[in-house]
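Notes follow the structure.
The values are calculated or read from the model by the stated rules, or taken from the named source; none is laboratory data. Predicted, not measured: the structure shown is a model, and the values here were computed from it. We place every Cβ from the backbone using ideal geometry, glycine too, and count neighbours over all the protein chains shown. When the accessible area is computed, the model is the full protein with side chains, heavy atoms only, and any ligands, DNA or RNA have been set aside. Shrake-Rupley method; radii C 1.70, N 1.55, O 1.52, S 1.80 Å.
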Amino acid sequence: MVVLNKFFKVAKTIHETSDIFTIRLQPSDGQEFDFLAGQFINVFQTGVELKPGERPQMRSYSISSSPFDK
């Protein structure tokens, strides 16, 4: 398994339905990254102050774009 630690900015959000949305991410360093069909990413939010004993929340998201659509 390859782990890539990279920072992204939210470039755009699209509300597809009432409970499905698309998040377009832009790499903060401007460099694209390669991925394969079926891969997912784990997202951690940065810049949030945590209370003592709290841990950052992680969410997993499927990459729904084709690896060929860059």
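Taking first residues from the stretch 3-14 that are at pLDDT below 85 and partners that are among the hydrophobic types (A, V, I, L, M, F, W, C), the Cβ contacts under 7 Å between residues at least 6 apart in sequence or on separate chains come to 4/33; 6/33. All of (1) within 20 Å of residue 5 (Cβ to Cβ); (2) open to solvent by less than 100 Å² (accessible area, probe 1.4 Å) hold for residue 40 with one exception: (2). Considered as a group, the residues in the stretch 53-68 that are among the small types (Gly, Ala, Ser) and assigned to a loop (DSSP other than H, G, I, E, B) include one that is surrounded by the most Cβ atoms within 10 Å (Cβ to Cβ), and that residue is 65. Of the residues making up the stretch 14-37, those that are open to solvent by less than 80 Å² (accessible area, probe 1.4 Å), of a type outside the set (A, V, I, L, M, F, W, C) and part of a loop (DSSP other than H, G, I, E, B) are 17, 28, 30. Applying a threshold of 8 Å to beta carbon distances and a minimum spacing of six or more residues, or different chains, the list of pairs starting in the stretch 35-54 at a residue that is of a type in the set (A, V, I, L, M) and ending at one that is open to solvent by 90 Å² or more (accessible area, probe 1.4 Å) reads 43/58; 43/59.
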